[in-house]
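Have a look at the structure below, then the notes.
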Amino acid sequence: MATEQFDVLIVGAGLSGIGAAYRLQTLCPGKRYAILEGRADIGGTWDLFRYPGLRSDSDMFTLGYPFRPWQAAKAIADGASILQYIKDTAREFAIDQHIRFKQMVKSAAWSSHDALWTVQVQHPESGALTTYRGKFLYVCSGYYDYAGGYSPEFPGSEQFKGQLVHPQQWPENLDYTDKNVVVIGSGATAVTLVPAMAEQARQVTMLQRSPSYIASLPATDVVADFLRKHLSEGRAHSLARWKNVLLTLGFFQFCRRAPNLARKLLRFGVKRELPAGYAVDTHFNPQYQPWDQRLCAVPNGDLFKALKSGKAQMVTEQIDTLTETGIRLRSGQELAADVIVTATGLKLQACGGMSIDVDGVPVQIGDTLAYKGMMLSNVPNFALCVGYTNASWTLRSDLASRYICRVLNYMDENGYKMCVARHVARSVAKRPLLDMTAGYVLRAADALPKQGPGAPWQMKQNYILDLFNLRYSALEDGTLTFRHDPALGMAPRVVERAASAA
Ligand SMILES: Cc1cc2nc3c(=O)[nH]c(=O)nc-3n(C[C@H](O)[C@H](O)[C@H](O)COP(=O)(O)OP(=O)(O)OC[C@H]3O[C@@H](n4cnc5c(N)ncnc54)[C@H](O)[C@@H]3O)c2cc1C
């Protein structure tokens, strides 16, 4: 079969990939594109995760697309509604017709001679290999490994007679009615699971090694509801979005500039939700500063309500061993468990696990620097879509997609075939692209692209700065380099000029 060739190959049909396709077909209408998706359906995260209570912890005015208003009542939405929204978007704009399902990208090889990517994909069931070619590769593969989550080896796990479950692989018919459940973890997944499971279980224990910051947020947005009543859908969505952008950004900046005050405020918020005498400092007072790790939001204080009802409890302790009937803690306390959920995190993965080479030379993704948080240094016609960690993912992923469309249009207008963010090898202070101290980021730090010490190699966690930088800044900035003739390789433009003079 002849190898199909496209102007743009998008990897991944999740929230970002569908958004990227929308931007591409509206801002670069002539481009032929395909979305290569490894799974059998649209939605990525929102299709993969099926645990009870799955929901966003961002509001949908910012997690949703700016071009398609969020209409449902709840601003913090359940997973099924988010999935439906992504699917409806794909259908409404005929993006679904461009998706090739069960096409897991394994490798991508750039040839400067042809100014093309050759992308090898594998069918996850048959193992059949297919090749696609593309002039530009836009990787919207999310940030974690779909094959499985992170689960540390707990001593004694082989003796445990109950069910051990990871939220990323939730058994379809798991019945925990009237059972004792222990959820190990302290992050967004754990705080979602505990109140949701407490509705049916006999008792749910959230067992954490150390606390996280947790804040209660209203599930509905009264301002957005007011705007929706009085304005057109599009206008109301846009105003609600800006309100939430400014509130989130303002609170993040406040946490960064006045961490001690922010800590007190968050503690006060938790204390107010819990009965007098509750051990707030044991369970809700983290060792790190607010926003050094992602803040967990609980809609309408559902976690606190479950704790107050007595159906759920918090335990902040180290595990000694799993036993036949539950968990023994280092203090000697035993937690009875029929079901243990290891909400211990994700395994981060860059570029969907694919290998990349440029003109036959393998690229070590962990050694690359990310230009404007999206293009890997010295990797031509390539971008990676990464969202914010301190705000809704889509705010940044949408800006990134619009930026890539600017680059593509600029290349067409000027007859360029290649663009590359050039970085001349010299040692610079590097830190991971996802700049957080959370365990899951630190575990994968070596494999992730890096940020450099300053612009343009830094990823700002600031929507307003990014908006100006990505929408309006000059494209040719001395780092992002364009070529008419990629066959001349990646040497500086001087070489190109010298060659044409010869
Ligand atoms: C449980 C959970 C809750 C979250 N809640 C929030 C929230 O409230 N707010 C927020 O901002 N963020 C949240 N996030 C982060 C979330 O992942 C992003 O919001 C968003 O869904 C990311 O979209 P994406 O399309 O970039 O990635 P994903 O949703 O991960 O989709 C990536 C797609 O790429 C495909 N893919 C990956 N590798 C390959 C490959 N090699 N070949 C082919 N296809 C491939 C995958 O199959 C998938 O369909 C949450 C994450 C999780 C896990």
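The values are calculated or read from the model by the stated rules, or taken from the named source; none is laboratory data. On a predicted model such as this, the values are computed, not experimentally measured, just so you know. All Cβ positions, even for glycine, are placed from backbone atoms using ideal geometry, and neighbour counts span all protein chains on display. Accessible surface areas use protein heavy atoms only, side chains included; no ligands, DNA or RNA. Shrake-Rupley method; radii C 1.70, N 1.55, O 1.52, S 1.80 Å.
Quick notes on this structure:
- Filter pass, Thr394 being part of a loop (DSSP other than H, G, I, E, B) and out of contact with any strand residue (DSSP E or B) (no Cβ under 6 Å at 6 or more places or on another chain): no
- Number of residues in the stretch 260-289 that are open to solvent by less than 30 Å² (accessible area, probe 1.4 Å) and part of a helix (DSSP H, G or I): the value is 6.
- Restricting the stretch 78-107 to residues that are open to solvent by less than 50 Å² (accessible area, probe 1.4 Å), more than 19 Å from Gly234 (Cα to Cα) and within 9 Å of the ligand (Cβ to nearest atom), the residue that is farthest from the chain's Cα centre (by Cα): Gln103
- Scanning the stretch 355-374 for residues that are within 16 Å of the ligand (Cβ to nearest atom) and open to solvent by less than 10 Å² (accessible area, probe 1.4 Å) yields Ile356, Ala370, Gly373, Met374.
- The residue that is farthest from the ligand (Cβ to nearest atom), counting only those in the stretch 28-76 that are farther than 24 Å from Gly352 by Cα and of a type in the set (A, V, I, L, M), is Ala73.
- Of the residues Ser157, Ser151, the single one that is touching a Leu at 6+ places or on another chain (Cβ under 8 Å) and either open to solvent by 10 Å² or more (accessible area, probe 1.4 Å) or touching a residue at least 24 places away in the same chain (Cβ under 8 Å) (or both) is Ser157.
- Qualifying residue in the stretch 488-499 (condition: surrounded by fewer than 13 Cβ atoms within 10 Å (Cβ to Cβ), modelled with pLDDT of 90 or more and in a loop (DSSP other than H, G, I, E, B)): no
- Out of Val424, Val386, Val428, sole residue that is buried (at least 22 other Cβ atoms within 10 Å of the Cβ), at pLDDT below 95 and at negative phi: Val386
- Condition check for Ala190: more than 16 Å from the ligand (Cβ to nearest atom) and buried (at least 21 other Cβ atoms within 10 Å of the Cβ): no
- Test for Tyr410: is it surrounded by 18 or more Cβ atoms within 10 Å (Cβ to Cβ), within 29 Å of Cys28 (Cβ to Cβ) and either of a type outside the set (S, T, N, Q) or in contact (Cβ under 8 Å) with a residue 12 or more places away in the chain (or both): no
- Counted residues, the stretch 2-20 - those being acidic (Asp, Glu) and either open to solvent by less than 10 Å² (accessible area, probe 1.4 Å) or under 20 Å from the mean Cα position of the chain (by Cα) (or both): 0
- Evaluated against (1) more than 15 Å from the chain's Cα centre (by Cα); (2) within 30 Å of Ala224 (Cβ to Cβ); (3) surrounded by 24 or more Cβ atoms within 10 Å (Cβ to Cβ), Leu36 falls short on exactly one condition, (2).
- Test result for Ala196, in contact (Cβ under 8 Å) with a residue 40 or more places away in the chain, within 17 Å of Asp302 (Cα to Cα) and hydrophobic (A, V, I, L, M, F, W, C): yes
- Qualifying residue in the stretch 167-178 (condition: without any contact (Cβ under 8 Å) to a residue 40 or more places away in the chain and within 15 Å of the ligand (Cβ to nearest atom)): yes
- Taking first residues from the stretch 48-59 that are among the acidic types (Asp, Glu) and partners that are near the ligand (Cβ under 7 Å from one of its atoms), the Cβ contacts under 7 Å between residues at least 6 apart in sequence or on separate chains come to Asp57/Ala188.
- Residue list for the stretch 447-460, filter: open to solvent by 20 Å² or more (accessible area, probe 1.4 Å) and within 12 Å of Gln349 (Cβ to Cβ): Ala447
- Being modelled with pLDDT of 85 or more, of a type in the set (A, V, I, L, M, F, W, C) and not in a loop (DSSP other than H, G, I, E, B) is a condition met by at least one residue of the stretch 444-459.
- Being touching a Lys or Arg at 6+ places or on another chain (Cβ under 9 Å), outside any loop (DSSP other than H, G, I, E, B) and away from the ligand (no atom under 12 Å from the Cβ) is a property that holds for Thr118.
- Condition check for Arg23: more than 10 Å from the ligand (Cβ to nearest atom), in contact with a Lys or Arg (Cβ under 8 Å, 6 or more places away or on another chain) and either assigned to a helix (DSSP H, G or I) or open to solvent by 10 Å² or more (accessible area, probe 1.4 Å) (or both): yes
- Test: residue in the stretch 300-313 that is on the phi < 0 side of the Ramachandran plot, surrounded by 18 or more Cβ atoms within 10 Å (Cβ to Cβ) and within 25 Å of the chain's Cα centre (by Cα): yes
- Top-ranked residue of the stretch 121-146 - restricted to ones that are among the small types (Gly, Ala, Ser) and buried (at least 20 other Cβ atoms within 10 Å of the Cβ), ranked as farthest from the ligand (Cβ to nearest atom): Gly134
- Count of residues meeting criterion [of a type in the set (A, V, I, L, M) and within 20 Å of Leu395 (Cα to Cα)] in the stretch 224-274: 8
- Checked against (1) of a type outside the set (Ser, Thr, Tyr); (2) more than 25 Å from the chain's Cα centre (by Cα); (3) modelled with pLDDT under 95, Gln289 passes all but condition (2).
- Ser331 within 11 Å of the ligand (Cβ to nearest atom) and either within 22 Å of the chain's Cα centre (by Cα) or part of a loop (DSSP other than H, G, I, E, B) (or both): no
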